[in-house]
């Protein structure tokens, strides 16, 4: 299982440094695990040179079969642990602290109906769009945006209009609603996430009409994003509650961009995790938020 998890992480990152960091290994240890896996399978799984890393056809085939295998094993462990406890445990993941404020009614609804469940919050940060469901400790997660979610069940909650965060003294801040064309050549404050769908959504890949994004600064936290925008290092695609909560002290304003698709929020779990208290949380989240 450890070797398969190493291969899957490398397949997602296609970079030994980033994959080793996610797995809390040295690059040498990760290379050793991949080599051991290749020896046990009896074929080459990864092609690597000084410029690129990619899977062989055999490596891609193994990944297809390994994902459900690891998910099933993880579910078996979780279910077994839960069966051995008198008190059910539920870890709820968030991509940013702001998310919890926006979904507080779901928490209140769930806790009122299931006071016997011990709840732990896992703040995953920007670098994990799945909120700890893929590689972390989360049983359920409140997520947002567009991202790769193979093996993850999503339930729609609500949507927020997207717009742009600007420094208060930016020339565009004096205007009302903006269009993508107004700021398409402005540098963006970016988040270095390997998920292509996530990056395309936040850099407006389908709305840029061929103009490539220019990254003015990279950040890994919500506070860092607001600080970078306030310092004039770039603009950022976001939603109004982010700026309302953090923007004023940093000198950041929000301007709507009506042509952008909204930001969708989701309640999520692993597809094979059907434990009753997990299912009950998704039901509570949908019931409390879907119609709000």
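The values are calculated or read from the model by the stated rules, or taken from the named source; none is laboratory data. The structure presented is a predicted model; accordingly, all values stated were derived computationally and were not measured. Because the Cβ atoms are built from the backbone with ideal geometry, glycine has one as well, and the counts that use them run over all protein chains shown.
I want to confirm something. Restricting to region 227-246 and keeping residues that are surrounded by fewer than 17 Cβ atoms within 10 Å (Cβ to Cβ) and in contact (Cβ under 8 Å) with a residue 12 or more places away in the chain, which single residue is nearest to residue 165 (Cα to Cα)? Walk me through how you get there before you give the answer.
Initially, region 227-246 is screened for residues surrounded by fewer than 17 Cβ atoms within 10 Å (Cβ to Cβ), giving 231-232, 240-241, 244-245.
Filter once more, so that each one left must be in contact (Cβ under 8 Å) with a residue 12 or more places away in the chain: 231-232, 240-241, 245.
Working: 231: 12, 232: 11, 240: 8, 241: 11, 245: 12 Å.
Checked region 227-246; the qualifying residue nearest to residue 165 (Cα to Cα) is 240.
Scan region 48-56 and give yes if some residue there is closer than 21 Å to residue 279 by Cα and at pLDDT below 90, otherwise no. Working first, answer last.
Let us first name the residues in region 48-56 that are closer than 21 Å to residue 279 by Cα, namely none.
No; the residues of region 48-56 include none that is closer than 21 Å to residue 279 by Cα and at pLDDT below 90.
Can you find a residue that is assigned by TED's automatic domain parsing to the domain that holds residue 246, under 18 Å from residue 224 (Cα atoms), touching a strand residue (DSSP E or B) at 6+ places or on another chain (Cβ under 8 Å) and in contact (Cβ under 8 Å) with a residue 24 or more places away in the chain anywhere in region 169-186? Give the derivation first.
From region 169-186, those assigned by TED's automatic domain parsing to the domain that holds residue 246 are 169-186; that's our starting set.
In the following step, the residues that additionally are under 18 Å from residue 224 (Cα atoms) were identified as none.
Taking every residue of region 169-186 in turn, none turns out to be assigned by TED's automatic domain parsing to the domain that holds residue 246, under 18 Å from residue 224 (Cα atoms), touching a strand residue (DSSP E or B) at 6+ places or on another chain (Cβ under 8 Å) and in contact (Cβ under 8 Å) with a residue 24 or more places away in the chain.
Looking only at region 28-42, how many residues end up being more than 14 Å from residue 5 (Cα to Cα) and exposed (fewer than 14 other Cβ atoms within 10 Å of the Cβ)?
We begin by selecting, within region 28-42, every residue more than 14 Å from residue 5 (Cα to Cα); these are 28, 39-42.
Filter again for exposed (fewer than 14 other Cβ atoms within 10 Å of the Cβ), leaving 28, 39-40, 42.
So the answer is 4.
From the list 249, 276, 261, exactly one residue is surrounded by fewer than 18 Cβ atoms within 10 Å (Cβ to Cβ) and farther than 30 Å from residue 139 by Cα. Which is it? Give the derivation first.
Working: 276 fails: farther than 30 Å from residue 139 by Cα; 261 fails: farther than 30 Å from residue 139 by Cα.
It is 249.
Select from region 10-21 the residues that are surrounded by fewer than 20 Cβ atoms within 10 Å (Cβ to Cβ) and within 19 Å of the chain's Cα centre (by Cα) and write down the one among them that is farthest from residue 46 (Cα to Cα). Give the derivation first.
First pass over region 10-21, keeping only residues surrounded by fewer than 20 Cβ atoms within 10 Å (Cβ to Cβ): 12-18, 21.
Narrowing the set further to residues that are within 19 Å of the chain's Cα centre (by Cα) leaves 12-15, 18, 21.
On the way: 12: 13, 13: 13, 14: 10, 15: 11, 18: 16, 21: 18 Å.
For region 10-21, the residue satisfying everything is 21.
In this structure, is residue 148 under 13 Å from the mean Cα position of the chain (by Cα) and surrounded by fewer than 23 Cβ atoms within 10 Å (Cβ to Cβ)? Walk me through it before giving the result.
Working: under 13 Å from the mean Cα position of the chain (by Cα): yes; surrounded by fewer than 23 Cβ atoms within 10 Å (Cβ to Cβ): yes.
Yes.
Can you give me the number of residues within region 126-140 that are touching a strand residue (DSSP E or B) at 6+ places or on another chain (Cβ under 9 Å) and either under 15 Å from residue 219 (Cβ atoms) or in the same structural domain as residue 202 (by TED's automatic domain parsing) (or both)? Working first, answer last.
Start the filter on region 126-140 by keeping residues that are touching a strand residue (DSSP E or B) at 6+ places or on another chain (Cβ under 9 Å), which leaves 128-134, 136-140.
With the extra rule that they be either under 15 Å from residue 219 (Cβ atoms) or in the same structural domain as residue 202 (by TED's automatic domain parsing) (or both), the set shrinks to 128-129.
Of the residues in region 126-140, 2 are touching a strand residue (DSSP E or B) at 6+ places or on another chain (Cβ under 9 Å) and either under 15 Å from residue 219 (Cβ atoms) or in the same structural domain as residue 202 (by TED's automatic domain parsing) (or both).
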